[in-house]
Amino acid sequence: MAEILLHVNGAEHRLQVADDEMLLYVLRDRLDLTGAKYGCGEGQCGACTVLLDGRPVRSCQTLAASVAGRKVATVEGLGDNGRLHRVQQAFLEEEAFQCAYCTPGMIMSAVGLLALNPQPSEEEIIRGMNGNICRCGTYARILAAVRRAASAQHPPNVAVSGNSAGPGGSR
C-alpha cells in the first residue's frame, strides 16, 4: 500500500492505494466518479478513458500510484458552472449516443484530441478516436459531434453588414 495525492477534476484526494490498483477502480469505487466505465479491462475499448495531464489514457490499464501528483480529468469534471463542455453539448446536439455506455470515454478522447488539434480533419478525428468502440454503431454521429465541437471552439469569422470580419479583419 502507498499513500498518494490524486488531483482529480481540480480537487485533491489523499488515498491509500494498493500497488496493483487501477485508476478506474479508485475513481469509481472510492471517489464515486462513475463516468469512466469498465468495458474490456484490456484498454482496447475506450470506455474507461480519462485525461491524464490533458491526454487520453485508459484508466483500466493505468496504475493509480503512477498518477500521483498528476492531473486527472473525468467526464464529471468537464462542465463549468452548470454548463456542459462544448464536446458534451455537441454530442447531445448530434445525438451521438444510443445506449451511451461508451459516451464518456468518447467525450474524453474527443476533448483530448481537440486540445492537441483544435481543427482536425475527418481523418485526424478518426485516427484520434481510434480505439473507442461503440457497440451501437453511432460512429457517423460521433464524427459529426467532434466536428461540431471543433467548430464551436473556433467559429468562422462572419462578416455582418456594415462591419469588418472581426478584429483586425478586412472586408
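Summary of values
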| read-out | value |
| --- | --- |
| Cβ-defined net charge surrounding ALA140, 12 Å radius [Lys, Arg +1; Asp, Glu -1] | -1 |
| ³J(HN,Hα), Karplus 6.51/-1.76/1.60, whole Hz, each residue of segment 75-80, x for Gly, Pro | 4, 5, x, 6, x, 9 |
| Under the Karplus curve 6.51 cos²θ - 1.76 cosθ + 1.60, θ = phi - 60°, whole-Hz ³J(HN,Hα) for segment 59-68, x wherever Gly or Pro sits | 5, 6, 10, 10, 5, 4, 5, 6, 9, 4 |
| HIS85 - accessible surface, heavy atoms, 1.4 Å probe, Å² rounded to 10 | 40 Å² |
| 5 Å binning of all Cα-Cα separations within the chain, expressed as whole percents from 0 upward | 1, 9, 17, 19, 17, 13, 9, 6, 4, 2, 2, 1, 0, 0 |
| Largest-first ordering by accessible area, 1.4 Å probe, given options ILE4, ILE126 | ILE126, ILE4 |
| Ordering of 128-139, 38-49 by packing [mean C-beta count within 10 Å, highest first] | 38-49, 128-139 |
| Value of relative contact order over the chain, rounded to a whole percent, pairs C-alpha under 8 Å and six or more apart | 21 percent |
| Accessible area (Å², 1.4 Å probe, nearest 10) - ARG147 | 100 Å² |
| Helix 103-116 vs. the chain, principal-axis angle (Cα, 0 to 90°, nearest 10) | 60 degrees |
| Pairwise centroid distance, computed over Cα atoms, of segment 64-92 with segment 1-54, Å | 13 Å |
| Shape category assigned to segment 1-83 from the gyration tensor of Cα positions, a/c cut at 1.5 | oblate |
| Mean ellipticity per residue at 222 nm, deg cm²/dmol - from DSSP H runs of n ≥ 4 across the chain, formula -39500 (n - 2.57) | -8000 deg cm²/dmol |
| Rounded to the nearest 10 Å², the accessible area of GLU21 at probe 1.4 Å | 40 Å² |
| Rounded, prolate or oblate (a/c below 1.5 giving rounded, otherwise prolate when a/b exceeds b/c) for segment 66-154 by Cα gyration tensor | rounded |
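The values are calculated or read from the model by the stated rules, or taken from the named source; none is laboratory data. Note that the coordinates shown come from a computational prediction; the quantities given were computed from them, not determined experimentally. Positions of Cβ are generated from backbone atoms using ideal geometry, with glycine treated the same way; all protein chains shown enter the neighbour counts. SASA here: full protein model, heavy atoms, side chains in, ligands and nucleic acids out. Shrake-Rupley method; radii C 1.70, N 1.55, O 1.52, S 1.80 Å.
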